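The block underneath contains the structure these notes are about, expressed in structure tokens.
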Amino acid sequence: MRPPRSLPPAYFEGMFKGTPDPWGFETSRYEQNKYDHSIAALSGRRYGQAFEIGCANGVLTQRLAHHCDDLLAVDVSETALASARARCAGQHNVRFACMNFPGDTPTGASFDLIMLSEVAYYWDDADLAHAARELVALLAFGGDLLLVHWTGATDYPQSGDGAVEALRRSMASAVETVIDERRPEYRLDLWRRRPA
């Protein structure tokens with residue numbers, strides 16, 4: 001049975017306090033293949049302002065930073081953020097913050113890339129709807145939203161497919177689909193903000 005509410009920050013803090021790499025971001029072949037696919041999906045585009053939601057211990061952040069002038073990476077776990085800061089210490093275009101999106105959002109910001117990797121299925125229906133509104137508000141016209149999510153069974157509030165499709169329905173008038181690809185274990189969706 002799925003939990004009825006979004007998973008709380010304490011869940012993620014507990015995971016990272018238990019082990020520095022609870023999902024195998026550093027070692028998993030699945031994660032490495034997914035990161036390669038994610039970076040390839042950007043097609044060499046350079047982004048001025050980027051926002052990574054749920055950066056965890058910064059493995060993807062480190063790679064994403066090479067494609068951004070300024071990258072704000074956020075997570076709900078201070079323990080994960082400490083690892084991410086250490087990993088990206090030499091990358092001066094990366095900033096970190098403890099933030100529980102969508103309840104917390106960057107103030108007055110506009111991004112031409114938002115990265116949402118393995119995050120949306122942790123949100124309940126209300127937070128998914130809230131996230132969709134915030135993502136539209138934060139994504140600059142012509143900006144990209146890259147979503148990458150596991151499509152197997154979960155014991156989270158949403159499945160990967162369910163979460164992404166709910167966001168798609170809520171954001172349909174604001175974004176157009178650029179990439180819609182599936183691999184055996186995950187899906188990758190790249191949406192671009194429509195002009196005003």
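The values are calculated or read from the model by the stated rules, or taken from the named source; none is laboratory data. Just so we're clear, the structure is a prediction, and the values are computed from it rather than from any experiment. Quick reminder, even Gly has a Cβ in these numbers, built from the backbone with ideal geometry, and neighbours come from all protein chains shown. Accessible surface areas use protein heavy atoms only, side chains included; no ligands, DNA or RNA. Shrake-Rupley method; radii C 1.70, N 1.55, O 1.52, S 1.80 Å.
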inquiry  = So, in segment 150-185, exactly how many residues are touching a Lys or Arg at 6+ places or on another chain (Cβ under 6 Å) and closer than 20 Å to W123 by Cα?
reply    = 2
remark   = Over segment 1-18, the set of residues within 13 Å of S77 (Cα to Cα) and either in a helix (DSSP H, G or I) or open to solvent by 60 Å² or more (accessible area, probe 1.4 Å) (or both) is P8, P9, A10, Y11, F12, E13, G14, M15, F16, K17, G18
remark   = Considering segment 130-153, residues that are touching a residue at least 40 places away in the same chain (Cβ under 8 Å) and more than 13 Å from the chain's Cα centre (by Cα), and then whichever is surrounded by the fewest Cβ atoms within 10 Å (Cβ to Cβ), we arrive at G142
ask   = If you take the residues in segment 100-123 that are in a loop (DSSP other than H, G, I, E, B) and of a type in the set (S, T, Y), which one is surrounded by the fewest Cβ atoms within 10 Å (Cβ to Cβ)?
value = T107
query = Does any residue in segment 175-196 that is under 13 Å from H149 (Cβ atoms) and assigned to a loop (DSSP other than H, G, I, E, B) come within less than 7 Å, Cβ to Cβ, of a residue that is hydroxyl-bearing (S, T, Y) and at pLDDT below 95 six or more places away or on a different chain, and which pairs are these?
reply = E185/Y30
Enumeration of residues in segment 39-59 that are open to solvent by 70 Å² or more (accessible area, probe 1.4 Å) and part of a strand (DSSP E or B) = Q49
remark   = Flagged pairs (Cβ under 7 angstrom, 6 or more apart or on separate chains; first in segment 81-100, under 11 Å from C55 (Cα atoms); second polar (S, T, N, Q)) are S83/N57; A84/N57; A84/T61
ask   = Residues D36, D69: which one is over 25 Å from K17 (Cα atoms), part of a helix (DSSP H, G or I) and acidic (D, E)?
value = D36
ask   = Of everything in segment 69-86 that's over 15 Å from the mean Cα position of the chain (by Cα) and among the hydrophobic types (A, V, I, L, M, F, W, C), which residue is least open to solvent (accessible area, probe 1.4 Å)?
value = A82
